[in-house]
Amino acid sequence: MGERAMPGSAVLRTERLSGGYGKMVIVQGIDFSISRGEIVAIVGPNGSGKSTFLKTIYGIARVFDGKVLFEGADVTHLPPEAKTRMGMSFVPQTENIFPDLTVEENLEMGAYIIDDPEKIRDAMEVVFNIFPVLKGFRKVLAGALSGGQRQMLAVGRALMTRPKLLLLDEPTAGLAPKIALELLDSLKNIREETGTPIIIVEQHARRALELADRGYVLVAGRIAAEGSGRDILSRPDLQELFLGVQKKSLVEKRKEG
Amino acid sequence: MEGVSILFSQWVIWFGVYAIMALSFNLEYGYGGVPNFGKVLFMSLGAYSAGTLAAWLGLQWASSKAGIAVAGYTGPVYCSPEAYHVLSTASSQGWLEPSQYILLFVAGVILAAIVGAVFGAIGSYPTLRLGGDFLAITLLALGEIVRLIAYNSEWPVCSFNGLTAVPTPFAWYENKALVDVLYAVLIIGFTVLFYIYTHYVANSPWGRALKAMRDDELVAQVYGYNTAKLRLQVLVVGSAMAAVAGALLVFYAGSVQANTFKPERTFEVIVAVMLGGVANNIGVLVGAAVIAALNVFLNASALETLGITVPGNVATTLPYLRYVIMGILIVIILLYKPQGLIPEKPVQTPFLEKLRALIKEKHVVEEAAGTK
Amino acid sequence: MVDVAILYGILGALINGLRVGSLYGLMALGLTLIYRVTSIPNFAYAEYITYGAYAAYIAMTALALKGTLGLAFALAAALAVAALAALASDELAFKPLWVRGASPLHLLVASIGVGLVLRYSLLAVAGLAAGLLEASLPVRSTRLISIGGIASIETSHVLAVSAAVFFAVLLRIMFTRTKIGKAMRATASNPVLARVSGINIYLVRRVTWIIGGGLAGFAGFVYAYYYYVNPESGWLMLLWIFAAATMGGFTFYGSIISGLILGIAEQVISFLGSTYFGLNTAYSPVIALITLVIVLMYRPEGVIRLEALSLKKRV
Ligand SMILES: Nc1ncnc2c1ncn2[C@@H]1O[C@H](COP(=O)(O)OP(=O)(O)OP(=O)(O)O)[C@@H](O)[C@H]1O
Ligand SMILES: [Mg+2]
């Protein structure tokens with residue numbers, strides 16, 4: 001279970017991870033793993049705890065129990081800045097840009113942990129190649145961008161460090177279908193070229209699972225199903241999920257089980 | 001023994017002043033969410049109007065009775081040395097009747113309430129444009145403007161000297177030791193009245209509207225509350241109360257000084273409310289008692305009276321210590337009990353409400369009976 | 001007929017307005033920096049200035065220092081003490097409150113509390129020691145150029161004006177060109193994302209308080225070089241400082257220019273007021289207060305901003 005990748009080759013692994021806010025436990029006992037070169041999708045209805053799971057991994061939400069292992073090291077209680085320094089990178093679902101900084105400065109902040117200006121410039125060029133629109137807005141305050149442009153900037157910022165692991169929380173939200181597909185394509189390219197594993201949370205479950213090597217279905221804070229993207233897509237009991245219908249029966253099934 | 005009694009009367013009197021101030025701040029901020037950091041502005045306006053009215057009118061009465069002409073002074077006539085002489089000897093000379101003293105007090109308090117209400121209405125104008133910290137700073141600055149002008153100009157209260165011979169309501173009473181006790185009883189009366197009023201208001205539909213506005217202005221508007229009007233109303237009421245507190249302070253001290261109304265006074269009121277718990281009226285009384293105690297007891301002569309002697313250098317630092325303690329209290333409360341030491345209680349149905357319901361019920365029954 | 005003495009008087013008021021105005025501007029710089037990064041309308045800021053001034057005074061008198069070297073040492077003491085006071089107030093009060101999600105109003109109240117502690121403990125101590133209730137550096141500001149025997153330009157004028165301009169430019173460069181400055185703005189703009197980007201926001205915060213406090217200390221030093229300091233000096237200037245910072249829209253250049261306008265207005269208006277209308281010069285703080293009220297009410301985003309950087313919308 002979840003150990004399809006060879007043990008030890010997992011870039012990131014969580015063991016019985018529980019997380020939430022204040023005293024509220026939102027996600028519970030999650031066993032998750034992602035290996036080099038993999039794209040793993042996390043899908044589930046609204047409010048099922050997908051974002052919370054990513055935030056718990058990154059140390060933004062509170063960890064109640066369990067472990068987070070990154071490249072074999074226990075990083076459960078490291079603060080987010082330390083995780084970034086270790087090579088992780090995260091695009092939150094909301095508030096994922098610095099509105100009071102220019103587009104260029106946003107990208108520079110993405111590369112905050114890099115000291116070599118040459119490297120920063122190169123990384124910025126890479127981002128501008130993926131999102132050419134941003135180039136024209138270099139000196140514009142990010143708060144003045146459109147929703148879709150912000151989303152591009154948010155992803156661009158996370159790519160600046162050439163991370164060893166990317167966590168993306170609904171990166172395509174608000175993007176025009178064509179741009180969304182382009183973004184997903186470029187994620188694939190990044191994976192092809194650098195082998196960077198990517199965890200992606202997507203509202204559009206079918207699209208995500210078609211793209212991903214593997215997927216996890218999160219329902220009410222727990223993993224309801226996992227497996228290869230195709231397997232999940234073909235499971236008859238999960239069909240409603242892909243149609244965007246809140247799958248009540250899943251919750252009930254879990255309660256019964 | 002007499003010293004101790006005077007000290008405790010003093011404490012009770014200051015308690016009353018702070019309690020009324022704190023109840024009004026609680027109404028404005030605790031219930032209405034309006035951070036009126038210019039409390040001292042409305043308090044000072046009440047003090048100035050009550051003090052000047054009592055001094056001016058008292059002077060007219062006393063000087064005509066005594067046959068002394070007090071005119072020809074460049075500033076307000078009650079600031080002249082003759083005025084001081086006449087007013088300070090009026091009771092011993094019998095130039096003013098006891099009834100006149102009481103009348104001056106009543107008139108002063110009423111005028112203060114009116115002035116406070118009017119300026120509260122004016123002072124609500126910034127709340128239309130601002131909220132939060134910027135509103136707090138604006139109101140604080142307005143208070144400082146008035147204090148600076150009052151401190152430097154003969155109008156209204158004789159510049160930095162202050163107005164020092166305001167006729168006090170019990171000046172005619174021979175037993176001076178009992179005067180403070182009488183006044184303490186009087187001020188407790190006022191405090192109780194205001195307490196009942198705020199308690200009643202807090203659980204009234206108006207109070208609920210205020211809380212709705214405090215919790216979410218937009219939602220309150222959606223529910224049909226006119227939040228601009230609510231803020232105007234709460235500032236009118238709160239400022240009238242603060243002005244009355246100012247007047248009561250003047251009629252106790254027999255003097256008005258502009259520097260009594262430094263921003264620190266507002267901070268004391270804020271601490272009282274924080275100590276007691278925002279939107280908690282009983283708690284606020286406790287907070288006022290603590291602040292009053294710091295004010296009255298934390299100095300060398302008071303401690304001496306209580307039988308505690310302090311060395312000279314401690315004595316010089318004691319008055320400052322009061323504000324150091326307040327500052328520490330502010331930070332600690334914010335850190336550990338941001339809702340105050342005694343948190344807000346859910347809306348309850350107090351006996352007054354029940355009484356009102358009972359009366360209403362009876363009324364309805366009678367009405368029904370009448371129409372039959 | 002305007003007589004010559006009055007012209008000289010106006011000139012003198014202008015020159016002194018330049019000095020006091022740059023001082024207000026200089027003081028507003030640290031307040032602005034702290035406000036921009038932490039959103040705290042910091043009422044305790046005034047006390048860092050006072051502490052800096054006293055540190056300079058005590059360092060010089062206690063060690064019997066003289067001359068320029070003595071002044072340099074006094075400056076170092078002022079910077080260190082003020083920065084420490086600023087840092088301590090954040091670590092002990094503001095940061096823990098911010099972590100708990102305190103609103104700007106709560107932070108304002110907290111800063112009032114911190115200010116009371118700092119100011120009144122200094123008052124208590126100064127009341128005990130002789131000569132501390134009115135202190136000024138033993139090395140005084142000296143006259144450089146005399147104008148008609150009435151007005152003059154002193155070393156303190158040069159120091160105040162050049163320090164104000166220098167630090168404004170320096171801060172502006174720091175904020176827009178350097179990594180730490182951008183990290184400060186990023187932290188202010190979106191602290192969670194700043195952390196996610198690898199920024200140690202607590203370190204950034206510490207640096208902010210040290211620089212902000214240091215600026216207050218520098219201003220306190222300049223103040224004590226010309227004026228007599230008492231434990232309430234900073235507090236009495238606070239509303240001027242707030243007026244300069246808000247009028248400047250919490251930008252660095254804006255603060256300096258607003259400070260200058262306010263300082264010159266203070267001096268010239270009180271000179272003319274006292275000459276022609278016999279007005280008491282003690283009224284002059286009303287100028288700052290009225291400016292503050294009008295700006296906050298009608299232009300809370302500032303009058304002179306000189307920067308396109310957006311501020312979070314208040315109200
Ligand atoms: N900062 C927070 N504090 C408290 N509760 C939160 C917070 N953020 C989210 N929650 C709660 O946690 C639960 C899960 O939210 P989460 O954002 O993780 O869901 P999600 O699966 O990402 O949903 P969506 O698809 O809508 O993005 C929700 O019930 C939400 O109310
Ligand atoms: Mg989400």
Problem set entry | Restraint check, B:Lys229/B:Lys337; A:Lys135/A:Lys188; A:Lys23/C:Lys179; A:Lys50/C:Lys95; B:Lys337/C:Lys182, Cα-Cα greater than 26 Å | B:Lys229/B:Lys337; A:Lys23/C:Lys179; A:Lys50/C:Lys95; B:Lys337/C:Lys182
Exercise. Given a 1.4 Å probe and the protein chains all in place, what does the accessible area of A:Glu240 round to, in Å² to the nearest 10?
Worked result: 80
Exercise. What is the stretch B:2-261 by shape, rounded, prolate or oblate, if you read a ≥ b ≥ c off the alpha carbon gyration tensor as root eigenvalues and call it rounded for a/c under 1.5, prolate for a/b larger than b/c, and oblate otherwise?
Worked result: prolate
Seminar exercise, completed: Rounded to the nearest 10 Å², the 1.4 Å probe accessible area of A:Glu105 is 20
Exercise. Is there a simple number for the mean count of other chain Cβ atoms within 10 Å of the Cβ of residues in B:31-41, and what is it?
Worked result: 1
For this session: With label points built 7 Å along Cα→Cβ from the Cα atoms of B:Lys176 and A:Thr194, find their separation and express it in nm.
Result: 8.7
Seminar exercise, completed: chain A: relative contact order from alpha carbon pairs under 8 Å, six or more residues apart, as a whole percent, is 25
Exercise. What do you reckon, how do A:Thr84, B:Thr164 stack up by accessible area (1.4 Å probe), largest on top?
Worked result: B:Thr164, A:Thr84
Exercise. Ordering B:Trp172, B:Trp206 by how much accessible area each has at a 1.4 Å probe, largest first, what is the list?
Worked result: B:Trp172, B:Trp206
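Could you report the buried accessible area between B and C, both sides summed, computed with a 1.4 Å probe and given in Å² to the nearest 100?
Interface area, both chains combined: 3900 Å², rounded to the nearest 100.
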Problem set entry | Acute angle (nearest 10 degrees) that the helix B:81-93 long axis makes with the longest principal axis of chain B, alpha-carbon atoms | 90
Exercise. PRE reach from C:Lys66 (point 7 Å along Cα→Cβ): which of the stretch C:129-164 fall under 12 Å by backbone N?
Worked result: C:139
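Please find the FRET efficiency linking C:Lys179 to C:Ala76, where r is the Cβ-Cβ separation and R0 is fixed at 22 Å, and quote it to the nearest 0.05.
0.25
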Problem set entry | At R0 = 30 Å, FRET efficiency that the Cβ-Cβ distance of B:Leu218 and B:Ile149 yields, to 0.05 | 0.20
Exercise. Protein chains only, probe 1.4 Å: how do A:Glu38, B:Glu97, A:Glu193 rank by accessible area, largest first?
Worked result: A:Glu193, B:Glu97, A:Glu38
Exercise. Which FRET efficiency value, to the nearest 0.05, is calculated for B:Ile122 and C:Met297 with the Förster distance at 22 angstrom and r the Cβ-Cβ distance?
Worked result: 0.95
For this session: Take chain A, connect every pair of alpha-carbon atoms lying under 10 Å apart with a spring to form a Gaussian network, then pick out the residue of A:Lys164, A:Lys135, A:Lys23 with the largest mean-square fluctuation.
Result: A:Lys23
For this session: Take the alpha carbon atoms of chain A, find their radius of gyration, then divide it by 2.2 N^0.38 Å using N residues; give the quotient.
Result: 0.98
Seminar exercise, completed: Row for the stretch C:4-298, column shape: gyration tensor on C-alpha, a ≥ b ≥ c, rounded if a/c < 1.5 i.e. under 1.5, prolate if a/b over b/c, else oblate; value prolate
Exercise. Going by alpha carbons, how many degrees (0 to 90, nearest 10) lie between the helix axis of B:2-25 and the longest principal axis of chain B?
Worked result: 40
Exercise. Taking a probe of 1.4 angstrom, what is the accessible area of C:His106 in Å², to the nearest 10?
Worked result: 50
Seminar exercise, completed: Membrane-span-like helices (DSSP H runs, Cα span along own axis at least 27 Å, mean Kyte-Doolittle at least 0.5) in chain C -> C:4-38, C:67-89, C:104-128, C:155-177, C:201-226, C:252-276
Problem set entry | C-alpha long axis of helix A:117-130 to longest principal axis of chain A, angle in ° | 60
For this session: Among C:Phe242, C:Phe221, C:Phe73, determine the one that fluctuates most according to a GNM of chain C built with springs between C-alpha atoms less than 10 Å apart.
Result: C:Phe73
Problem set entry | the stretch B:121-268: C-alpha gyration tensor shape, a/c 1.5 cut-off, then a/b vs b/c | oblate
For this session: Considering only B:Ile328, B:Ile20, B:Ile122, give the residue with the highest GNM mean-square fluctuation for chain B, with springs between Cα atoms whenever their separation is below 10 Å.
Result: B:Ile328
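The values are calculated or read from the model by the stated rules, or taken from the named source; none is laboratory data. Since the structure is predicted, the reported quantities are computational estimates derived from the model, not experimental observations. Here the Cβ is made from the backbone with ideal geometry for all residues, glycine too, and neighbour counts use every protein chain on show. For the accessible areas, the whole protein counts, side chains as well, though only heavy atoms, and no ligand, DNA or RNA atoms are used. Shrake-Rupley method; radii C 1.70, N 1.55, O 1.52, S 1.80 Å.
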